[in-house]
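What follows draws every value from the coordinates through simple rules; no lab data is involved. Since the structure is predicted, the reported quantities are computational estimates derived from the model, not experimental observations. Every residue, glycine as well, gets a Cβ built from its backbone with ideal geometry; the counts of neighbours run over all protein chains shown.
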Amino acid sequence: MSFAWAKQYEPKSAFTKWIDEKLPFPRLVYNAVGAGYPVPRNLNYMWNFGVLAGFCLMIQIITGVVLAMHYAANATVAFGTVEHIMRNVNYGWMLRYAHANGASFFFIVIYLHIFRGFFYSSYKAPREMIWLLGVVIFLLMMATAFMGYVLPWGQMSFWGAQVITGLFGAIPLVGEPLQIWLLGGFAPDNAALNRFFSLHFLLPFVIAGVVILHIWALHIPGSSNPTGVEVKSESDTVPFHPYYTSKDGFGLGVFLILFTAMVFFLPNALGHPDNYIEANPLSTPALIVPEWYFYPFYAILRAFTGDLTIPFTGIVLIPAKLLGVIGMFGSILVWFILPWLDKSPVRSGHYRPLFRKFFWFGLVPTMAALFYLGGTHAEEPYIMLSQFFTAYYFLHFLVILPIISQIEVPKPLPFSITEGVLGKAATTEAPRAGTVDGGDAGTLPDGSLQPAE
Amino acid sequence: MADMSGASTPAGATDMLDGADGVRRRDWIHIAALSTAGVGGASLLFPLVSQMAPSADVLAQSTSEVDVSAIEPGQAIKTTFRKQPLFVRRLTPKEIEEANAVDVGSLRDPQTLAERTLVGSENLLVTMGVCTHLGCVPLGAAAGEDRGDFGGYFCPCHGSHYDTAGRIRKGPAPKNLSVPEYAFKTDTVIRIG
Ligand code: HEM
Ligand code: FES
């Protein structure tokens with residue numbers, strides 16, 4: 001599971017020996033995030049966000065469990081209990097602001113984590129399973145955050161629930177009964193609020209379970225790195241502890257400064273004021289949009305305004321409403337096949353000149369635009385712009401990436417991580433023994449591109 | 001599994017258990033036990049799925065009564081029917097004319113105004129105030145609200161425009177605003193549901 005040169009756990013005292021025989025949990029920790037886990041020596045700060053995401057999940061679970069002690073999921077009192085948390089419960093305001101902003105920061109961290117994956121093609125073999133589990137976690141996070149946002153039972157909560165469950169109503173034949181089944185009624189009401197609370201409580205623990213699988217899958221090949229060249233020898237790695245515990249610790253400090261600045265000084269900056277008005281089933285707020293972290297997907301949903309018809313016959317193949325839903329879910333589901341769309345054997349964007357151009361001048365501006373457009377009113381020119389960027393988004397993944405990976409001439413890769421970091425001279429003396437997968441360079445994704453020695 | 005049962009059976013008895021065709025009597029127990037557990041487990045799913053559906057009190061049919069006598073032509077009111085918004089609009093002659101001037105075949109959800117109103121009171125348009133896209137409440141019932149490009153209702157959520165007959169004309173919504181079942185209870189009061 002790990003590299004041959006990984007340090008072995010050696011219990012010293014009689015007690016730790018006793019524990020190690022009965023339940024080798026300290027050994028597990030030592031091998032997972034301790035000195036027993038060798039990690040590429042050249043990881044940059046983009047590799048901090050996995051640990052930070054785990055930390056965010058902990059923040060959400062701890063603040064959430066505490067909020068649940070004071071909250072009541074009943075449509076007549078829910079809004080009031082959230083105000084009760086804000087005004088009466090000791091430090092309730094802090095816990096609630098930490099939970100609400102914690103969700104935002106969780107998504108910021110996850111988006112940077114995914115961004116790292118896109119640029120360094122972390123999704124490529126042998127790490128496909130890590131990537132697939134990551135997409136599952138992202139989908140679960142979206143469901144959790146959506147249901148959490150319904151709980152305060154403000155205007156945005158209510159209309160968010162109405163619109164998002166309405167998405168399922170677009171599915172042919174079963175759509176409408178499905179929506180009624182999801183809500184337990186014809187519009188969001190007590191039944192919906194209660195089940196959303198139950199699931200909002202449950203799903204974070206399901207996420208924690210999938211996170212364990214995600215990390216398990218990661219520890220089989222180990223982390224990738226900014227060169228994208230696989231670990232070949234001991235000189236390519238350093239032990240996780242103390243090297244990355246300290247690097248992650250520093251990142252955590254920076255994160256906490258930004259997070260607490262938001263919680264204490266700008267607690268409502270990322271929210272919508274309309275959610276401080278109690279839910280009113282008879283009046284939709286003038287601008288209904290989800291939380292900012294759903295904007296790109298909401299922009300894609302709204303981009304589909306016309307039916308898909310057979311030209312000149314007027315026969316509707318797919319109505320606009322269903323197209324929007326397919327587009328929105330498809331924009332995430334396409335990530336599931338990403339490892340098989342981008343077939344280039346080179347991982348890191350640093351060595352892929354063509355890919356890099358389309359990444360910085362295509363995908364990144366497109367995502368930025370969709371983030372902006374998802375929060376705007378449904379009117380021109382925003383609709384047209386959403387359509388343009390939605391088209392590019394799908395084109396990027398389904399057409400441009402596969403073509404690039406066929407025609408691109410990558411830059412020469414360093415022979416090893418050590419060479420990439422220290423230059424050629426250093427590697428000639430580097431020990432070459434004990435490689436796990438460096439030996440059969442021919443079968444490695446990047447092996448074919450290694451400069452001949 | 002075959003090994004396990006074989007191993008615990010005294011030598012010689014295997015002849016009795018193993019038929020000539022390789023079928024053993026114990027296979028039957030395996031099949032019976034697994035199917036019982038399977039059917040039992042699967043039947044548990046039914047109540048688990050069904051409990052999510054609307055409960056009896058939510059389903060209990062309700063009706064609403066609305067006095068429409070005070071609604072002037074060009075005016076609309078917003079009330080509720082089964083906890084959802086309901087629009088009642090008295091159309092002006094011009095609005096009726098506009099609705100009838102449309103080529104029905106060209107509509108996304110083809111319906112004439114007459115099909116959407118009661119015989120003898122074509123100027124009374126009763127619809128749910130629920131956008132058929134994703135369920136927002138369209139604007140246009142209250143005075144001064146945006147009535148969209150076709151003078152009926154406008155849903156600001158994702159930009160659906162409904163005409164004076166409440167028919168979808170532009171935007172993502174697939175259907176016309178739905179017309180609930182209703183009838184005149186007296187000359188001035190309608191009963192919905
Ligand atoms: C994946 C982790 C989680 C995410 C992304 C998340 C997200 C959210 C969001 C966005 C809200 C609405 C905040 C607001 O506008 O006030 C919320 C509310 C709430 N969440 Fe969570 N949550 C998570 C975990 C949990 C857990 C583990 C619990 C409890 C066991 C919990 C309990 C609550 C409660 C009681 C509320 C309502 C109080 C309030 O609105 O502040 N959450 N959650
Ligand atoms: S809900 Fe009315 S346009 Fe989407």
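The convex hull defined by the C-alpha atoms of the protein assembly as shown has an orientation-averaged projected area of 42.5 nm². Note on the protein assembly as shown: helix-only mean residue ellipticity at 222 nm, from DSSP H runs of 4+ residues weighted -39500 (n - 2.57) and normalised by residue number, equals -14500 deg cm²/dmol. When peptides B:128-134, A:407-413 are ranked by their average number of other Cβ atoms within 10 Å per residue, the highest-first order is B:128-134, A:407-413. Sorted on the mean count of surrounding Cβ atoms within 10 Å across their residues, most packed first, peptides A:147-155, A:270-278 read A:147-155, A:270-278. For A:V210 and A:S2, the FRET efficiency from 1/(1 + (r/R0)^6), where r spans their Cβ atoms and R0 equals 30 Å, is about 0.85. Note on chain B: GNM, Cα springs under 10 Å; of B:R24, B:R90, B:R167, the largest mean-square fluctuation is that of B:R24. Both the radius of gyration and Dmax for the range B:58-192 are 13.9, 41 Å, in that order, over alpha-carbon atoms.
If you sort the three axes of the alpha carbon gyration tensor as a ≥ b ≥ c, you get a/c of 1.5 or more for the range A:245-303 and a/b no higher than b/c, which makes it oblate. Cβ-Cβ distance of A:L199 and A:L256, R₀ of 35 Å, FRET efficiency by 1/(1 + (r/R0)^6): the value works out to about 0.75. When only Cα pairs below 8 angstrom with a gap of at least 6 residues are kept, the range B:58-192 shows a relative contact order of 25 percent.
Convex hull of alpha carbon positions in the range A:37-269: directionally averaged projected area 14.5 nm². Can you give the translational diffusion coefficient of the range A:156-219 in µm²/s, computed by Stokes-Einstein from the Kirkwood radius over Cα pairs at 4 °C and 1.567 mPa s? After rounding, the answer is 96 µm²/s. When the trypsin sites (Lys or Arg not before Pro) in the range A:1-60 are filtered for DSSP coil states and for at most 12 other beta-carbon atoms within 10 Å of their beta-carbon, the remaining sites are A:K12.
Largest GNM mean-square fluctuation among B:S64, B:S160, B:S121, using chain B with Cα springs under 10 Å: B:S121. For the listed residue pairs A:K7/A:K232; A:K7/A:K424; A:K7/A:K247; B:K83/B:K175; A:K357/A:K411, the alpha carbons are over 25 angstrom apart in A:K7/A:K424. At 10 °C and 1.306 mPa s, what whole-number value in µm²/s does Stokes-Einstein give for the translational diffusion of the range A:308-400, with Rh from the Kirkwood sum over Cα pairs? The estimated diffusion coefficient comes to 104 µm²/s.
Based on the Kirkwood radius over alpha-carbon pairs, what value in µm²/s does the Stokes-Einstein equation return for the translational diffusion coefficient of the range A:223-363 at 37 °C and 0.692 mPa s? Diffusion coefficient, whole number: 156 µm²/s. Taken over the range A:96-144, the ratio of Cα radius of gyration to 2.2 N^0.38 Å equals 1.30. In whole angstrom, note down how far apart the Cα centers of the range A:347-424 and the range A:151-218 are. First find each Cα centre; the distance between them is then 32 Å. Legend: mean number of C-beta atoms from other chains within 10 angstrom of residue C-beta atoms, peptide A:371-382, equals 1. A simple spin-label model places the labels of A:A14 and A:F115 5.5 nm from each other, with each point 7 Å out along Cα-to-Cβ.
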